[in-house]
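Student: Sharing a structure below in structure tokens format, with a few things to ask.
The values are calculated or read from the model by the stated rules, or taken from the named source; none is laboratory data. This is a predicted model, so every value here is computed, not measured. Protein only, heavy atoms only, side chains kept; ligands, DNA and RNA dropped before computing areas. Shrake-Rupley method; radii C 1.70, N 1.55, O 1.52, S 1.80 Å.
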Amino acid sequence: MAGFRDQVIVITGASSGIGRALALQLAGQGTRLALAARRAGSLEAVAQECRQAGARAVAVPTDVSRQEQCRALVERTVSHYGRIDMLINDAGVSGPSLAFAEMKDLALLEESLRINCLGAAYCTYYALPYLKQSRGRIVGVSSLAGRSGIPNRSAYSASKHAMTGFFDSLRIELADTGVSVTMIYPDYVADKDAEVPRGTLTYDKAASMILAAAAARKRDLITSGRGKLAIWIKLFAPDVLDRFTRQAASKYE
Ligand SMILES: NC(=O)c1ccc[n+]([C@@H]2O[C@H](COP(=O)([O-])OP(=O)(O)OC[C@H]3O[C@@H](n4cnc5c(N)ncnc54)[C@H](OP(=O)(O)O)[C@@H]3O)[C@@H](O)[C@H]2O)c1
């Protein structure tokens, strides 16, 4: 895999989970990191771990649903390091499991779209001039829910589908610029000690798969065999996939 040594990398959602694992793996490669999320304390703790692993790392507390904070994240990164080579849009919320008809208002839908889709678009908008200069990389962490509907997750699924449409369009627009767009569609990912469905990836494993896909400038990555199968079934027999999804979702609710 091509390494990222000395590259300047912005990671949103770096205070926990997949984003933290990405930061720690990249730190081990001697990168220069700008880490973003809302919880300043957790974020600074991750930045500290990255510095101990040999990277330069700056924590930039950011709410990606606020456009001006995304602009400030990019400005801070560029004033600190002078360039941007990769933007990883990992920040996301999944919210509670709730049927659409049972929502007492539409706040969950609005919040999901604002954080998961608009947040990624804001960060990308401000970073794009610098990514064009470096012929860099954009990564969007979506979900299998960004390729197929999931019952009781309509807000999440809508926001992840919106990400897919946005980044698939952007990839075409950027075809002649040298900037790659890699979309990630993870199946379940969790801490290695969590009680989880069989086949769930650890944060570490997911992070190494994501970095390999980004290094190879892949178009997209679906992290599980059943995810790949689901996308094929959806093409030819979408009603069958709906039935499978309903059964699978009821097992994990
Ligand atoms: N885990 C899974 O099974 C799975 C499956 C498919 C896709 N994904 C996607 O993978 C990504 C990472 O998820 P995860 O599992 O690592 O969950 P996680 O541990 O909850 O991480 C989510 C990260 O996003 C940040 N975040 C949330 N809202 C934010 C906001 N408004 N502004 C800035 N940062 C924000 C959180 O930090 P703060 O709270 O500090 O802001 C946190 O660092 C998400 O986009 C998620 O949808 C996860």
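Student: Would you work out what percent of the accessible area of the stretch 1-131, with all protein chains in place, is carbon or sulfur (probe 1.4 Å)?
Tutor: Using a 1.4 Å probe with all protein chains present, the stretch 1-131 comes out at 50 percent carbon and sulfur.
Student: Rounded if a/c is under 1.5, else prolate if a/b is larger than b/c, else oblate: which is the stretch 99-174, with a ≥ b ≥ c the root eigenvalues of its Cα gyration tensor?
Tutor: prolate
Student: Among DSSP bridges having both ends in the chain, what percentage is antiparallel? Round to the nearest 5.
Tutor: Once the DSSP bridges in the chain are tallied, antiparallel ones form about 0 percent.
Student: Still on this structure, I have one more. Which residues' amide hydrogens lie under 5 Å from the amide hydrogen of Ala91, considering only partners 5 or more residues apart or on another chain, with H built in the peptide plane?
Tutor: Thr12, Gly13
Student: Still on this model: On the accessible surface of the stretch 166-218, probed at 1.4 Å, how many percent belong to carbon and sulfur atoms?
Tutor: The C+S portion of the solvent-accessible surface of the stretch 166-218 is 49 percent.
Student: Along its principal axes, what span do the Cα atoms of the stretch 1-81 show, with the longest given first and each in whole Å?
Tutor: Result for the stretch 1-81: principal-axis Cα extents of 34, 23, 20 Å.
Student: Per-residue ellipticity at 222 nm for the chain, helices alone: DSSP H runs ≥ 4 residues times -39500 (n - 2.57), over residue total, nearest 500 deg cm²/dmol?
Tutor: Calculated from helices alone, the mean residue ellipticity at 222 nm is -15500 deg cm²/dmol.
Student: Mind computing the radius of gyration and Dmax over the alpha-carbon atoms of the chain? Å is fine for both.
Tutor: For the chain, the Cα radius of gyration and maximum Cα-Cα distance read 17.7, 52 Å.
Student: Roughly speaking, what % of Cα-Cα pairs in the stretch 108-148 are separated by over 16 Å, rounded to a whole number?
Tutor: In whole percent, the share of Cα-Cα pairs in the stretch 108-148 beyond 16 Å is 47.
Student: With the other protein chains left in place, how much accessible area per residue, in square angstrom, belongs to the stretch 1-137 at a 1.4 angstrom probe?
Tutor: 45 Å²
Student: Would you report the distance distribution of C-alpha pairs in the stretch 49-168 as whole percents per 10 angstrom bin, up to the bin with the largest distance?
Tutor: Pairs per bin, as whole percents: 13, 39, 29, 15, 3.
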